[in-house]
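One structure is given here, and the rest of the page talks about it.
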Amino acid sequence: MTELISFDIDGTLESGDPPGTITMTMVRLVKNKGYIIGSCSDRPIGIQQGMWATNDIKADFTVLKHQLSTVKSNFKADRYYHIGDTYMDEFYAHRAGFEFISVDTLPEIQV
């Protein structure tokens with residue numbers, strides 16, 4: 001089964017402003033397990049790409065939040081998730097046909 005995870009940055013990832021609870025080590029773990037991963041944020045694409053490069057993670061996509069639907073049309077997966085921390089994240093996830101997961105509901109993962 002192919003699964004895709006889109007990460008919001010601010011309030012979701014540790015590199016966000018404010019920092020979120022998902023560490024880059026956790027992102028590497030899901031990437032290494034075969035998930036398609038990337039970011040969907042209000043941050044400009046170049047800033048998103050720089051964040052991934054700085055953390056030595058090869059993201060499969062970087063998009064602006066309102067363009068999340070393009071990810072679904074560009075990547076074939078059985079399930080699509082967007083992890084974020086705001087109602088806008090949830091709005092755009094549902095609009096694009098993604099399952100929304102609030103970062104606040106994720107279980108604590110020890111890595």
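The values are calculated or read from the model by the stated rules, or taken from the named source; none is laboratory data. All values derive from a computational prediction rather than experimental measurement. Cβ placement follows ideal geometry from the backbone for every residue including glycine, while neighbour counts extend to all protein chains displayed. All accessible areas refer to the heavy atoms of the entire protein, side chains included, with ligands and DNA or RNA removed. Shrake-Rupley method; radii C 1.70, N 1.55, O 1.52, S 1.80 Å.
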Here the residues within segment 36-60 that are open to solvent by 60 Å² or more (accessible area, probe 1.4 Å), under 14 Å from residue 7 (Cα atoms) and not in a helix (DSSP H, G or I) are 42, 58
Extreme residue, nearest to the chain's Cα centre (by Cα), among residues of segment 1-18 that are under 12 Å from residue 60 (Cβ atoms) and among the β-branched types (Val, Ile, Thr): 5
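Residue-wise test of (1) closer than 18 Å to residue 35 by Cα; (2) surrounded by 14 or more Cβ atoms within 10 Å (Cβ to Cβ).
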{"site": "62", "(1), (2)": "yes, yes"}
{"site": "68", "(1), (2)": "yes, yes"}
{"site": "74", "(1), (2)": "yes, no"}
{"site": "84", "(1), (2)": "yes, yes"}
{"site": "105", "(1), (2)": "no, no"}
Answer residue from segment 77-103, given it is of a type in the set (A, V, I, L, M, F, W, C) and in contact with a Ser or Thr (Cβ under 8 Å, 6 or more places away or on another chain) and is farthest from residue 11 (Cα to Cα) among those: 77
Counting only residues in segment 11-35 that are among the aliphatic types (A, V, I, L, M) and farther than 24 Å from residue 96 by Cα, the one least open to solvent (accessible area, probe 1.4 Å) is identified as 24
Would you please list the contacts, defined by Cβ atoms under 7 Å and residues six or more apart or on different chains, that run from a residue in segment 19-36 that is more than 11 Å from residue 59 (Cα to Cα) to a residue that is open to solvent by less than 30 Å² (accessible area, probe 1.4 Å) and not aliphatic (A, V, I, L, M)? 20/11; 20/12; 22/7; 22/12
Return yes or no: is residue 94 open to solvent by 70 Å² or more (accessible area, probe 1.4 Å) and either without any contact (Cβ under 8 Å) to a residue 40 or more places away in the chain or assigned to a strand (DSSP E or B) (or both)? yes
